[in-house]
Amino acid sequence: MKTRITCCIFVLVLWACDETINPKPVDLLVDDLALNEPGDVANVEIGLYSAFRGMVYNTIIAGDLTADMMLHNGTFSQYREIGIKQITSANASAAELWAGIYYTAYIANFILERLPDLPGVPTAQRQRVLGTAHFLRGYAYFIGTYTFGGIPRVTSTDFETNRNIARSDRQEILNLIVEDYGAAINTLPAQAANAGFATTLAVRAALAKLYLYTGNWAQAETFASEVINSNEFTLEPDFSDVVLTDFTSEAIFEVGYTIADDPGTLNTLFEGRREIIPSNETIIALASTESGDRFSSIAFNVLNLKGNDNGWTIRKYGTAVDDNNNIVIFRLPEMYLIRAEARAQQGRATGANSARDDVNVLRSRANAPLVGVVSQAQMLTVIENERRMELAFEGHRWYDLVRTNRATAVMTAFSPNWKDTYLLWPVPQRELQNNPALANDQNPGY
């Protein structure tokens, strides 16, 4: 008989009350894992990717609705709170993201505990799955610490340990992420069937992003250059293909969905219910000369123009039958933008091997005017705006504003309700109630 391991640690997955808006992917409805024979490995690997897939859509909400990219246009309180900048610890999106992070971590921990000693597993498969566990756990913790601040460092499946575990400081979590990425880069394959599977280049992309966030400009440039110079990825000639197509030539790593298991969240929110729409500031940015073809990220329909609805729609995630259901984690343009920012921060705004070179690669593809000679400060502003246009609706904006200390200036102008409390999301109320070590450790202001 196979040992049944119940996945019900203190971070039970908390989904919103409305199943139409937040349905569970079918293959996440699993309450046990088994890893006792080689035939179990594939199923557990699928379970890990499924847990990760259940996490990432809330990073789009965190990254762009918390910031000035999107407006709330509907009736659901979890999005209204975020949209009007009155987030509470009872917010369902915060609870879902927290739970998704730890569900991913739990399955990764289960694999890392059980798989090394499981006999009969081919070496290549063992290495790949262990590498995937390290990589996805590391990225889940990356999102966790930059969303919530210090979070519990859960590295085992022991229930008694995990039910009463305090928050670690951010540096401790960052150290774990570096360890996980280091383990993954040595065990994952160089290539995969498509961008839906982890590879060493996906890890390099993750390291470039990590070092950008931590201000290690030289390392950020190095890892971004490794991805760019691999020549495994190329820019799509037509930017609209990035908006309307899954698994493009520039995709490094993305979370794949099908018609059968599409979570229904983003396409329903953006197109079906119009619960969330692009902000007027985003529309202006995307309609600017500097944006060029990136205007195709949004569309206007006069029939939607009523009340507080500005008539504009986010096109990034279509209906369940369209070919743009996936959520991009990393793609090639972000590597150019990471390298551009790292180069500018190192005093190479223009000239040979400069930030200007990298920005102009993207401007050229977008049929937008090229950047000329600018100062370091001007280039950093250009890059901030370039990230807003190039990576629109991929969940970057709030994280970018916070990490560059620009959130207060930008968001105070955007919303009268903004306060620095919202530089972090709240620790979900249920976690404070269920984990004694978190009981009195809420983020300031909540």
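The values are calculated or read from the model by the stated rules, or taken from the named source; none is laboratory data. Just so you know, these numbers come straight off a predicted model, no measurement behind them. As a convention, Cβ positions derive from the backbone with ideal geometry for all residues, glycine included, and neighbour counts pool all protein chains shown.
Based on this model, can you work out whether Val56 counts as hydrophobic (A, V, I, L, M, F, W, C) and either out of contact with any helix residue (DSSP H, G or I) (no Cβ under 9 Å at 6 or more places or on another chain) or part of a helix (DSSP H, G or I) (or both)?
yes
Go through the range 179-189 and give me each residue that's surrounded by fewer than 17 Cβ atoms within 10 Å (Cβ to Cβ), modelled with pLDDT of 95 or more and either in a loop (DSSP other than H, G, I, E, B) or touching a helix residue (DSSP H, G or I) at 6+ places or on another chain (Cβ under 7 Å) (or both). Result: Pro189, single match.
Yes/no per residue for (1) without any contact (Cβ under 8 Å) to a residue 60 or more places away in the chain; (2) assigned to a helix (DSSP H, G or I):
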{"position": "Gly100", "(1), (2)": "no, yes"}
{"position": "Ile107", "(1), (2)": "no, yes"}
{"position": "Val129", "(1), (2)": "no, yes"}
{"position": "Thr132", "(1), (2)": "no, yes"}
{"position": "Ala140", "(1), (2)": "no, yes"}
{"position": "Val154", "(1), (2)": "no, no"}
{"position": "Asn164", "(1), (2)": "no, no"}
{"position": "Asn175", "(1), (2)": "yes, yes"}
{"position": "Val203", "(1), (2)": "no, yes"}
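The residues on offer are Thr421, Thr412, Thr408, and the sole one that is surrounded by fewer than 19 Cβ atoms within 10 Å (Cβ to Cβ), in contact with a Phe, Trp or Tyr (Cβ under 8 Å, 6 or more places away or on another chain) and without any contact (Cβ under 8 Å) to a residue 12 or more places away in the chain is Thr412. Reported count of residues in the range 276-295, each being of a type in the set (Ser, Thr, Tyr) and surrounded by fewer than 24 Cβ atoms within 10 Å (Cβ to Cβ), is 3.
Table: residues versus (1) in contact with a Lys or Arg (Cβ under 8 Å, 6 or more places away or on another chain); (2) aromatic (Phe, Trp, Tyr); (3) in a loop (DSSP other than H, G, I, E, B); (4) closer than 23 Å to Phe142 by Cβ.
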{"residue": "Asp323", "(1), (2), (3), (4)": "no, no, yes, no"}
{"residue": "Arg339", "(1), (2), (3), (4)": "no, no, no, yes"}
{"residue": "Ala342", "(1), (2), (3), (4)": "no, no, no, yes"}
{"residue": "Leu362", "(1), (2), (3), (4)": "no, no, no, no"}
{"residue": "Asn367", "(1), (2), (3), (4)": "no, no, yes, no"}
{"residue": "Met379", "(1), (2), (3), (4)": "yes, no, no, no"}
{"residue": "Glu394", "(1), (2), (3), (4)": "yes, no, yes, yes"}
{"residue": "Tyr399", "(1), (2), (3), (4)": "no, yes, no, yes"}
{"residue": "Pro416", "(1), (2), (3), (4)": "no, no, yes, no"}
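Output the number of residues of the range 418-446 satisfying the condition of being among the hydroxyl-bearing types (Ser, Thr, Tyr) and assigned to a helix (DSSP H, G or I).
Initial filter on the range 418-446 (among the hydroxyl-bearing types (Ser, Thr, Tyr)): 421-422, 446.
Applying the additional criterion that residues be assigned to a helix (DSSP H, G or I) yields 421-422.
Residues meeting the conditions: 2.
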